[in-house]
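S.K.: Please find one structure pasted underneath; my questions will follow.
Quick note: the coordinates plus some simple rules give every number you see, no bench work behind them. What you are looking at is a predicted structure, and each value in this text was computed from that prediction instead of being measured.
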Amino acid sequence: MVYKKILAALDPDGEGTPPVFEHALKLVQTHHARLMLLGCMDPRTQAEIEDRIGTVAELDSSSRMGSLKHQAETERSRCRAWLGGLAKQAEQNDVSVRTTVDVGNPGQRITELAQNWKADLIVIGLTRRGPVADRLLGSVTSYVVHHAPCSVLLIHG
């Protein structure tokens, strides 16, 4: 199969150069495809931050919302910078690349972006939480595998 558009779904909490990116980059070079790097932040994480901010600082409601918005924007900026660094690596290898930072349910956002962009392949990493945690919390990988509009390549990291 020939891939023309490859979507690499990356964990914004990751550090350095993730194996998902490395595999996607090799595939893009082999198939002369375009690459989309997606960093998606789960809003549940943002809710946890809000709870911690309110509990620790005992702020009023408007101050809590301001602190939460500031924290969320800081996280989005950090993710944009991280993806930008990966995009520069791809561009140095003559790869056409786009980056997207999104907030929402990661599984849904990945599959929606793949559908809208008409991706031929999604490259995603496997989580290491274990089957019990995945059942309780839900698995992004499982959701993507079962709802993707295209092929999915799972990478052990």
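S.K.: Counting only residues 5 or more places away or on other chains, whose amide H sits under 5 Å from the amide H of Val152 once H atoms are built in the peptide plane?
M.R.: Excluding prolines and chain starts, which carry no amide H, the hits are Ile122.
S.K.: From the phi of every residue in the stretch 26-43, what ³J(HN,Hα) in whole Hz does the Karplus formula 6.51 cos²θ - 1.76 cosθ + 1.60 yield, where θ is phi - 60° and glycine or proline is x?
M.R.: Result, rounded to whole Hz: 4, 5, 4, 5, 5, 9, 6, 9, 9, 10, 10, 9, 10, x, 10, 9, 6, x.
S.K.: Once you have the Cα-Cα distance between Ser96 and Lys69, take 0.36 nm times their residue separation minus that, and quote the gain in nm to one decimal.
M.R.: On the way: separation 27, 0.36 × 27 = 9.72 nm, distance 3.24 nm.
Full extension from Ser96 to Lys69 adds 6.5 nm.
S.K.: Another question about this same structure. Residue-wise, which Karplus ³J(HN,Hα) couplings in Hz belong to the stretch 110-115, taking 6.51 cos²θ - 1.76 cosθ + 1.60, θ = phi - 60°, and x for glycine or proline?
M.R.: 4, 5, 5, 5, 4, 5
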